[in-house]
2 protein chains.
Amino acid sequence: MYFNDDHMKIKDLRVHSIALADPPLRSSYGLHAPYALRTIIELESEDGIIGINETYGGEVPAAALRAIREKIIGVDAYRLTGVLNPDMKNRKRPGLDRSQTYLVPGENPSDEASRTYAALEVACLDLIGRATGTPVCDLIGGRVRDKVSFSAYPFYKHAGGGGEGSDRREDEYGEALTPEALVLQVKKMISRYGFGSVKFKGGVLDPDLEIETVKLMYQEFGPGVPLRIDPNSAWTVETSVRVGKALSVELSNGGYLEDPTAGINNMASVRKQLKAMNIDTPLASNVAVTCFADIPPSVASDAVQIILCDHHYWGGMRQVQHLAKLAETFNIGLSMHSNSHLGISLMAMAHVAAATPHLTYACDTHYPWQSEKDEVVAGGKIPIQGGCVTVPEKPGLGVDLDYDQLERGKSRYKNVPYKKRDDEAEMRKHVDANWKRVLPRW
Amino acid sequence: MYFNDDHMKIKDLRVHSIALADPPLRSSYGLHAPYALRTIIELESEDGIIGINETYGGEVPAAALRAIREKIIGVDAYRLTGVLNPDMKNRKRPGLDRSQTYLVPGENPSDEASRTYAALEVACLDLIGRATGTPVCDLIGGRVRDKVSFSAYPFYKHAGGGGEGSDRREDEYGEALTPEALVLQVKKMISRYGFGSVKFKGGVLDPDLEIETVKLMYQEFGPGVPLRIDPNSAWTVETSVRVGKALSVELSNGGYLEDPTAGINNMASVRKQLKAMNIDTPLASNVAVTCFADIPPSVASDAVQIILCDHHYWGGMRQVQHLAKLAETFNIGLSMHSNSHLGISLMAMAHVAAATPHLTYACDTHYPWQSEKDEVVAGGKIPIQGGCVTVPEKPGLGVDLDYDQLERGKSRYKNVPYKKRDDEAEMRKHVDANWKRVLPRW
């Protein structure tokens, strides 16, 4: 049996910029705009099979994908690595401590090659999966679990469900700017999706109020529901240690303290001071450690005990699997990071999670914040039940594009003024005309 | 498009023990027996496609494969990981320094699960490749090179080409028990195969004679041909440092000093002493570091600068890819280990090497020591030209079984008394009735 050179050759790459309504969520970055941005890609083979994927939105990621188009036309989908080897060791980085701390996720210039490669890798895997009748997770080594756990992801938020003018979405959760309102939000999420753990976005209110919020959650849900808080580097080392101490009980039992402060050195210092107090709450990160080059200094200083992987910027699914083995080897936990996303990314996250034995925590997802009205997956939003996404038996990612919905997302993108995420600008517009992201703030 | 449950289901596993003639090669383990042992496996799917592979020989590995047969019948070849997750973190190991130092490769009990998984993983990949028309290297991420470099692998040896009685093989290289004879052997290998580097098996003669051998090679081939010496842990730390110093020029230029002494602590001590003399010859290992659990202590003590991977015992091709990324991350070089093997293993080594970006040295191979008469691959021995194996474009591993040759190998296995590699016994039989493997010897 011999095969010719056209076996699974890429004929076309189509890049679609879309906008989706997003509620006014708060974080240390500022305020989510009324629309989040995503890019949907289609990769078509010579025999007309179409692989799809979803990645970061706005002009920059779409331009990077378009720029690489000529290079991948004619390439065998199975041989992407040889053409676009994600050479992360050659990434030029201004300094380890820069990392993603000061940047909106998805727009770190030093990650661009990895993000572009990842976007295409997943589309290739979807294409191969459709052509061979195989789910993506099985193409990359085989599922080790049939369900992937996700966490509830509560945010402090203003009133509103996202969208503008006549395109406003229903505000399912209402305003939540106090500890009590936040706990109500989590209760609603848990009752709707059955989440078994909570990742709470902090770095918004005074640390004492955020401590109170976590304590209220712990009172409400008990030690059976692991709690995490992620202030996105909003705190000094001193504040981080103070919060870690105040929440030493609440963040144990499978929880963690995520990126309390900026950079590997500060994280290591927080860890050291907590350990000296016999507090073993692990520190997690998706900003101090965002690429393989960050790992040796982090290991050497015990800065980060849990890495949040994300195939979108770590260079794809196989790079996440490498990361997981590395983490297992060095006794580092592995969780998963999320940005605002739709169902294609959710399924890609579920597939890579399914094929990664050493995934030790429930994954993050913003998915419950997105509206059915914006979903581009045929059949509407993917169910999360018992806190889990079921790993599909269908070929590829297991989801198809709804082309009408895609057109609506594209036309929304054309009509809205947002072409780049800018949470600071939104804060200035709606909350405080002089607001700036200051790290550390407290 | 939906697929049923029978997609790529495994219907049968057949395990064939074979013997192949092997010349009387010497190492610190002793003397190679007249026959080396291998296991050939066939994995047949419901639709009659057969994936093949080659692994360690003799009774123990074959029994481990037969023992797992019931567990994998009915499994989807794409989903092997979920069924036989190579859980290397749970390996029971008597102590890090035991490693493979005192054991014949392929018979370390703590590696058994990894070896068995690897044998099946590669057969599954061959099966999937044949079913989908895809070369194995492209199934696991895609080739990053079209040719894979191998090193010449000279040994001190006695006269004889392997085999016994009327089944003797031609002695292509003759006796080589002096520095001069060893260099002649290398010249012959290079002229026949075009190797661009030399991995020389030491630990056999007095270290001063082995130093002389390397110096003679360097005189003969010059700095353009990287040289390595591997005494299989035969030396003390002191002797290792002495040899490293004596060969500081000859082992630079892309060469290395492989497992001069036993265990991570001793290796670290050799490294430290050489560095103190400004000698930066890297230390390589396939006995001090043989599994992921060995890596953290090795990294912490800078014991090993180059790891020799081997999909046969590291848990398969994907685990080797994980290892490579880990090595790249920690600035560790990657080379590849070999045991006596035939063409199926050679092709599997070439495929994993082709799909591993961070492979920084030419691979080892015993293949030139094996005879065409013993090859089980249809069409005879795989060519090595310019020191390289060409990565095939054919589906799967790219080689088919010659069933007549397989039958000859099986009947040879039945008729010879060797059922387990025992290089000490061979030494006692042919060289020195009282010989024992003593580490360190010098």
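The values are calculated or read from the model by the stated rules, or taken from the named source; none is laboratory data. Please read these numbers as outputs of a predicted model, since none were measured by experiment. Neighbour counts run over all protein chains shown; Cβ positions are idealised from the backbone, glycine included.
Say we look at the range A:133-148 and pick out the residues that are in contact with a Leu (Cβ under 9 Å, 6 or more places away or on another chain) and surrounded by fewer than 24 Cβ atoms within 10 Å (Cβ to Cβ); which of these is nearest to the other protein chains (Cβ to nearest Cβ)?
Out of the qualifying residues, it is A:V144.
Select from the range A:355-374 the residues that are charged (D, E, K, R) and either part of a strand (DSSP E or B) or over 24 Å from A:V320 (Cβ atoms) (or both) and list them in ascending order. Break it down stepwise before answering.
Restricting attention to the range A:355-374, the residues satisfying the condition of being charged (D, E, K, R) are A:364, A:372-374.
Passing the criteria: A:E372, A:K373, A:D374.
Between a first residue in the range A:116-131 that is within 13 Å of chain B (Cβ to nearest Cβ) and buried (at least 24 other Cβ atoms within 10 Å of the Cβ) and a second residue that is β-branched (V, I, T) and in a helix (DSSP H, G or I), which pairs have beta carbons less than 6 Å apart while being 6 or more apart in sequence or on different chains?
A:L125/A:V136; A:G129/A:V136
Tally the residues that are under 12 Å from A:E220 (Cα atoms) and touching a strand residue (DSSP E or B) at 6+ places or on another chain (Cβ under 8 Å), restricting the search to the range A:160-184.
Count: 2.
Quick check on this structure: which one of B:G316, B:G263, B:G254, B:G333 is at positive phi, within 14 Å of chain A (Cβ to nearest Cβ) and of a type in the set (G, A, S)?
Going through B:G316, B:G263, B:G254, B:G333 in turn, the sole match is B:G316.
Mind checking whether some residue in the range A:71-81 is among the polar types (S, T, N, Q) and at pLDDT 95 or above?
Within the range A:71-81, none of the residues are among the polar types (S, T, N, Q) and at pLDDT 95 or above.
Out of the range A:386-410, which residues are in contact with a strand residue (DSSP E or B) (Cβ under 9 Å, 6 or more places away or on another chain), over 20 Å from A:M317 (Cα atoms) and not charged (D, E, K, R)?
A:G386, A:G387, A:L401, A:Q405, A:L406, A:G409
Only one of these conditions is not met by A:L323: (1) within 14 Å of chain B (Cβ to nearest Cβ); (2) touching a Lys or Arg at 6+ places or on another chain (Cβ under 7 Å); (3) not small (G, A, S). Which number is it?
Evaluating A:L323 over (1) within 14 Å of chain B (Cβ to nearest Cβ); (2) touching a Lys or Arg at 6+ places or on another chain (Cβ under 7 Å); (3) not small (G, A, S) leaves (2) as the failure.
Which helices (runs of 4 or more DSSP H) sit wholly inside the range A:195-293 and have at least 3 residues that are crowded, with 24+ Cβ neighbours inside 10 Å? Before you say what the answer is, go through the steps one by one.
Details: elements: A:207-221, A:237-246, A:264-276.
Once the helices (runs of 4 or more DSSP H) in the range A:195-293 are filtered for at least 3 residues that are crowded, with 24+ Cβ neighbours inside 10 Å, what remains is A:207-221, A:264-276.
I'd like the full set of residues that are of a type outside the set (D, E, K, R) and closer than 19 Å to B:V376 by Cα, limited to the range B:22-50. Even if it seems obvious, please write down each step before you answer.
Start the filter on the range B:22-50 by keeping residues that are of a type outside the set (D, E, K, R), which leaves B:23-25, B:27-37, B:39-41, B:43, B:45, B:48-50.
B:P23, B:P34, B:Y35, B:A36, B:L37, B:T39, B:I40, B:I41, B:L43, B:I49, B:I50, listed by residue number.
Let me confirm something: among A:Y418, A:Y413, which residue is assigned to a helix (DSSP H, G or I) and in contact with a Leu (Cβ under 9 Å, 6 or more places away or on another chain)?
Values: A:Y418 fails: assigned to a helix (DSSP H, G or I).
Just a single option satisfies the conditions, and that option is A:Y413.
Answer with yes or no whether A:T360 is among the hydroxyl-bearing types (S, T, Y), within 14 Å of chain B (Cβ to nearest Cβ) and touching a residue at least 40 places away in the same chain (Cβ under 8 Å). Talk me through it step by step, then tell me what you get.
Details: among the hydroxyl-bearing types (S, T, Y): yes; within 14 Å of chain B (Cβ to nearest Cβ): yes; touching a residue at least 40 places away in the same chain (Cβ under 8 Å): yes.
Yes.
Can you go through A:I344, A:I332, A:I306 and tell me which one is closer than 25 Å to A:G129 by Cβ, at pLDDT 95 or above and not polar (S, T, N, Q)? Step through it out loud before you land on a result.
Details: A:I332 fails: closer than 25 Å to A:G129 by Cβ; A:I306 fails: closer than 25 Å to A:G129 by Cβ.
Residue meeting the stated conditions: A:I344.
Quickly run through the range A:411-441 and pick out the residues that are surrounded by fewer than 17 Cβ atoms within 10 Å (Cβ to Cβ), closer than 20 Å to A:E54 by Cβ and not small (G, A, S).
Result: A:K414, A:K419, A:K420.
Could you list, in sequence order, all residues of the range B:179-206 that are of a type in the set (A, V, I, L, M) and either at pLDDT below 95 or more than 23 Å from B:K147 (Cβ to Cβ) (or both)?
Matches in the range B:179-206: B:A181, B:L182, B:V183, B:L184, B:V204, B:L205.
So A:A234 ticks every box in (1) over 20 Å from the mean Cα position of the chain (by Cα); (2) over 30 Å from A:Q385 (Cβ atoms) but one. Which box is left unticked?
All conditions are met except number (1).
Across the range B:294-328, what is the total count of residues that are part of a helix (DSSP H, G or I) and over 19 Å from B:A119 (Cβ atoms)?
Residues in the range B:294-328 being part of a helix (DSSP H, G or I) and over 19 Å from B:A119 (Cβ atoms): 13 in total.
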